[in-house]
Amino acid sequence: MGPRGRGLYVGRRAAAAGAALLLALLLALLVLAALYGRCRREEAPPPSLRAPGPAAPPPPAAAAGSVRRLPRHLLPLHYDLELWPRVRPGQAGPFAFSGQVNITVRCLRDTGAAVLHSSGLRSHGAAAVRGPLSEPGAAVEVAELRHDQEGEVAVLELRGRLRAGHLYVLQLGFQGRLEEGLDGLFLSRYTDQGQSSMLIASQMEPTYARRVYPCFDEPAMKATFNIRIIHNPSYVALSNMPAIDVSEVKDENGSLWTVTTFNTSLKMSTYLTAFVICDFNYVTRTERGNEIRIWARKEAIKNGYVDYALNITGSIFAFLEDILNVSYPLPKTDLVAVPGFGAGGMENWGLIIFQEAALMNLPSEEFTIRKAMIASVVSHELGHQWFGNLVTMNWWNDLWLNEGLASYFEYLGATFVEPKLPLDKIFYAHIVQPVLREDSEIARSLSESEDKINGSFSLMSLFDNITYSKGASITWMLSGFLTEKLFLKALTSYLKEFSFSNANQDDLWTHIQMVVDAQDEVQLPAPIKQIMDSWTCQNGFPVLTLNLTTGTVRQEQFFNKNNRKSTDSYNNTWIIPISWMRNGSSQPLTWLDKSSKMFPEMQVSESEYDWILLNVNLSGYYRVNYDQINLKRLARLLENDPKAIPAVSRFQLIDDVFALTDFGYVPIETALELTKYLAREDELFIWNMVLLNLIPDNLESTLKNHEVYPLLKKYLLKRMLPIYHYYAGFIPQNVDALEDDYFAQAYLEKFMATACWLGLQDCLDLSSELFAKWRENPEYKIPLLIRRTVYCYGVAVGSDKEWNFAWEMYNHTDSDEEDEDILLYAMSCAKESWLLHR
């Protein structure tokens, strides 16, 4: 990451005229690097396609006790589940729900107790055990039903024994509290068409099904479900399967309730059971026999806010079916937009629940980035229908088999329905680069041993960027060196083998190895398990150091040398695929399978035009540290012909060198050398990475008052001018021309804000001009792409008139919530303290 143009390089032997100024800038940037190093851990990641929020739940607060594994005496086969939330429209609360669950189990080993999960539930009626089912009318008396709240289990102590090989039915009535929250079965309040309303929804992953009904709440304990929901007649009830019957029942007070009964589910894990009880409308269409319905507030349906999501959902389903060669097994899919849902989306089989904003798009809004966000989160959750639902990890230690693979297909699906999206650039900018930054600081591997995942906190901590983004990144790398054709063929084999069952990562490696062994085109240096375990079972990732004089490539774990303690050990070794080019020509893939290896073909001549580039287009999950010979040649190449290096590789090259500087591998001069070309850089995603390195968001106010600011201003503005003028030319008259420019929509705001922050007069004048135009005609809409910057600097360079106008518009009844937030921010940009204290 770094600026461009005829940048500044301060060599150790520099002694020319102007050395004092160069040294001052070097020292200033050293200060900046030090400041940035301290704040790196707090840096906000670049905007993701998943918006708002991740596609999986953020970790809720950990439960007090550990995740208790159930004994393997009983295996659940089928649940008959009735759920009755006692909620009516307009009711004030408190609220509760009750239910009955009858679980058919197979006894695997003789036992005098039945142990299953239950958390926060109270018993309702007497528990019973029927069976063996082979003996009509037989039963085993329950001596005691005991709840262990810390262990989150219910224990049925029996007066007899359950015998191995026989079937039994565990019968339990239960009650629970229904509260406003984000997990288990919860209540959500919202406003629709001016009326206050409420709905009931569920979020069971990872271990919240036990808060809704007693169950065997482990991913490998799959079963089928017959579900019946009793609810107020003014609501509709949804679950995993289609409704097959609607009837009525009266409660003890004679009040009438509706009973919705659903078809028998496929075999699935408890964390995928789902319930929604709401007063929503829906839009629908059918794709290959799959009835797709999108449910949302009546106002949102009427205004067409979910039409885009409906238009793409069937296409993504068809794309995934075709590419994986495995059919979607359900007859229907409901997608529900829930206000206030805690996750971007949850993949429940047949009933996918989304945060409302993740599904909605104004029909008049043509901006690619908004559609890309919706396509991304929908693709992620649809990817889970195969990776997670059809085939589920055995235990949470292999969660990446769900989330990493879904994150990989998320990007393929999004670019299938929005083909103008620059897939590789988006994937590297949003997935690979941010997780490389994070992975060097986190001491855990992608796949942990089962015994490490023994506490609720450690289990919830798995829902992080390592699982999602590192999982997707190593999947991308794996597909790259296998070829996509072989990779997809292996996935098809894996999915078909473990459908309606569970797997671990070794099962995936086995099916990939089978496909590799059946062909001759792709040759690997080791078994696939040995290669991939080096990436999934070790912490961190490698950095390759290349010596072009000898052609030697050495690997070591990438770590912060500035913080290394004498007791730290960094001895990991990876089996690394090396894609590379020489002088612009792609070379055959090679492998580094030891700590150091000589590659004669990587020795270069004395010619300044003989250069090497490793990890072309960031195809591998590692960083590269070049020797000074190659770095000088690459820097010169960038100055003369930046397009000679692919855009993603330019992105990687600069990001790597800033990370290497930050972690003590190379001096700051090395990073500055590679920024000399930036006046010729026309890719916004590269510029965004540069600005995040040089001006982190959380250091802007510090730097503004620091002696580094005028030097940084002089250094950057000269290099920013060409790309600034290019994009500024679209703003006043032709901003619609940028509607297909994904990175303009993602990063132009940050770029323009930085230009204004650095005092670029053209930027300040543009902000004043557009703000004045808005003041003259409040119906005029400042382009959303730069609205935040224009509001802020319109106020900042204006007087109390601009501030007063912003305050007036903030209080305007027609202001939407997003605009109100921007206006509040803009008023804080005023430079006069008396305005800030009004």
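If I filter the range 802-821 for residues that are closer than 19 Å to MET720 by Cβ and among the acidic types (Asp, Glu), do I get at least one hit?
So the first thing to find is which residues in the range 802-821 are closer than 19 Å to MET720 by Cβ, and the list is none.
Checking the range 802-821: not a single residue is closer than 19 Å to MET720 by Cβ and among the acidic types (Asp, Glu).
Is at least one residue of the range 548-567 in the same structural domain as VAL648 (by TED's automatic domain parsing), within 30 Å of PHE487 (Cβ to Cβ), buried (at least 16 other Cβ atoms within 10 Å of the Cβ) and basic (Lys, Arg)?
Residues of the range 548-567 that are in the same structural domain as VAL648 (by TED's automatic domain parsing), as a first pass: 548-567.
Cutting the leftovers down to within 30 Å of PHE487 (Cβ to Cβ) gives us 553-558.
Filter again for buried (at least 16 other Cβ atoms within 10 Å of the Cβ), leaving 553-558.
Still in the running and basic (Lys, Arg): 554.
Within the range 548-567, one or more residues are in the same structural domain as VAL648 (by TED's automatic domain parsing), within 30 Å of PHE487 (Cβ to Cβ), buried (at least 16 other Cβ atoms within 10 Å of the Cβ) and basic (Lys, Arg).
Within the bounds of the range 595-612, is there any residue that is at pLDDT below 95 and among the β-branched types (Val, Ile, Thr)?
Yes - at least one qualifying residue is present in the range 595-612.
For the range 647-681, what are the residues that are small (Gly, Ala, Ser), farther than 16 Å from ILE723 by Cβ and touching a residue at least 40 places away in the same chain (Cβ under 8 Å)? Give the steps one after another, and end with the answer.
As a first pass, look at the range 647-681 and keep what is small (Gly, Ala, Ser): 647, 649, 659, 664, 671, 679.
Then drop every residue that is not farther than 16 Å from ILE723 by Cβ, which leaves 649, 659, 664, 671.
Matches in the range 647-681: ALA659, GLY664, ALA671.
I need a count of the residues in the range 353-404 that are farther than 23 Å from LEU459 by Cβ and β-branched (Val, Ile, Thr).
Of the residues in that region, 5 qualify.
I'd like to check which helices (runs of 4 or more DSSP H) are fully inside the range 689-789 and have at least 3 residues that are aliphatic (A, V, I, L, M) and touching a Phe, Trp or Tyr at 6+ places or on another chain (Cβ under 9 Å).
On the way: elements: 700-704, 708-728, 742-757, 761-776.
The helices (runs of 4 or more DSSP H) meeting that bar are 708-728, 742-757, 761-776.
Across the range 193-206, what is the total count of residues that are in contact with a helix residue (DSSP H, G or I) (Cβ under 7 Å, 6 or more places away or on another chain), buried (at least 19 other Cβ atoms within 10 Å of the Cβ) and not hydrophobic (A, V, I, L, M, F, W, C)?
Number satisfying all stated conditions: 2.
Can you pull out the residues in the range 359-382 that are of a type in the set (Gly, Ala, Ser) and more than 21 Å from LYS420 (Cβ to Cβ)? Break it down into steps so the answer makes sense when it comes.
Kept after step one, since they are of a type in the set (Gly, Ala, Ser), are these residues of the range 359-382: 364, 372, 375-376, 379.
Matches in the range 359-382: none.
Table: residues versus (1) crowded, with 19+ Cβ neighbours inside 10 Å; (2) not in a helix (DSSP H, G or I).
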| position | (1), (2) |
| --- | --- |
| GLY404 | yes, no |
| THR415 | yes, no |
| ILE426 | yes, no |
| ALA429 | yes, no |
| VAL432 | yes, no |
| LEU436 | yes, no |
| ARG444 | no, yes |
| ASP451 | no, no |
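Residue by residue, here is whether (1) assigned by TED's automatic domain parsing to the domain that holds GLY480; (2) in a loop (DSSP other than H, G, I, E, B); (3) under 26 Å from LEU524 (Cα atoms); (4) β-branched (Val, Ile, Thr) holds:
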{"position": "LEU589", "(1), (2), (3), (4)": "no, no, yes, no"}
{"position": "SER607", "(1), (2), (3), (4)": "no, yes, no, no"}
{"position": "TYR621", "(1), (2), (3), (4)": "no, yes, yes, no"}
{"position": "ILE629", "(1), (2), (3), (4)": "no, no, no, yes"}
{"position": "PHE651", "(1), (2), (3), (4)": "no, no, no, no"}
{"position": "TYR665", "(1), (2), (3), (4)": "no, yes, no, no"}
{"position": "THR670", "(1), (2), (3), (4)": "no, no, no, yes"}
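Counting only residues that are among the acidic types (Asp, Glu) and modelled with pLDDT under 80, which one in the range 668-712 is farthest from the chain's Cα centre (by Cα)?
Residues of the range 668-712 that are among the acidic types (Asp, Glu), as a first pass: 669, 673, 681-683, 697, 700, 707.
Retained after the next criterion (residues that are modelled with pLDDT under 80): 697, 700, 707.
On the way: ASP697: 21, GLU700: 27, GLU707: 38 Å.
Ranking the candidates gives GLU707 first.
Given the condition under 29 Å from LEU199 (Cα atoms), within 17 Å of the chain's Cα centre (by Cα) and at pLDDT 95 or above, answer yes or no: does some residue in the range 392-401 qualify? Even if it seems obvious, please write down each step before you answer.
Start the filter on the range 392-401 by keeping residues that are under 29 Å from LEU199 (Cα atoms), which leaves none.
No, there is no match, as no residue in the range 392-401 is under 29 Å from LEU199 (Cα atoms), within 17 Å of the chain's Cα centre (by Cα) and at pLDDT 95 or above.
Checking TRP535 against (1) closer than 24 Å to LEU436 by Cα; (2) buried (at least 21 other Cβ atoms within 10 Å of the Cβ); (3) assigned by TED's automatic domain parsing to the domain that holds LYS643: exactly one of these is not met. Which one?
Here TRP535 clears every test but (3).
Answer yes or no as to whether SER501 is loosely packed, with under 14 Cβ neighbours inside 10 Å and not charged (D, E, K, R).
Working: loosely packed, with under 14 Cβ neighbours inside 10 Å: no; not charged (D, E, K, R): yes.
For SER501, the condition - loosely packed, with under 14 Cβ neighbours inside 10 Å and not charged (D, E, K, R) - is not met.
Out of all the residues in the range 511-520, which are free of Cβ contacts under 8 Å to residues at least 24 places away in the same chain and surrounded by 15 or more Cβ atoms within 10 Å (Cβ to Cβ)? Give the derivation first.
The initial filter retains those residues of the range 511-520 that are free of Cβ contacts under 8 Å to residues at least 24 places away in the same chain, namely 511, 513, 517-518, 520.
HIS511, GLN513, listed by residue number.
Here are the criteria: (1) under 20 Å from LEU589 (Cβ atoms); (2) touching a residue at least 12 places away in the same chain (Cβ under 8 Å); (3) not basic (Lys, Arg). Tell me which single one GLN523 does not satisfy.
Only one criterion in (1) under 20 Å from LEU589 (Cβ atoms); (2) touching a residue at least 12 places away in the same chain (Cβ under 8 Å); (3) not basic (Lys, Arg) is unmet by GLN523, namely (2).
The values are calculated or read from the model by the stated rules, or taken from the named source; none is laboratory data. Only a predicted model underlies this, so the values are computations on that prediction, with no experimental measurement involved. For neighbour counting, all protein chains shown are included, and Cβ atoms are generated from backbone atoms with ideal geometry for every residue, glycine included.
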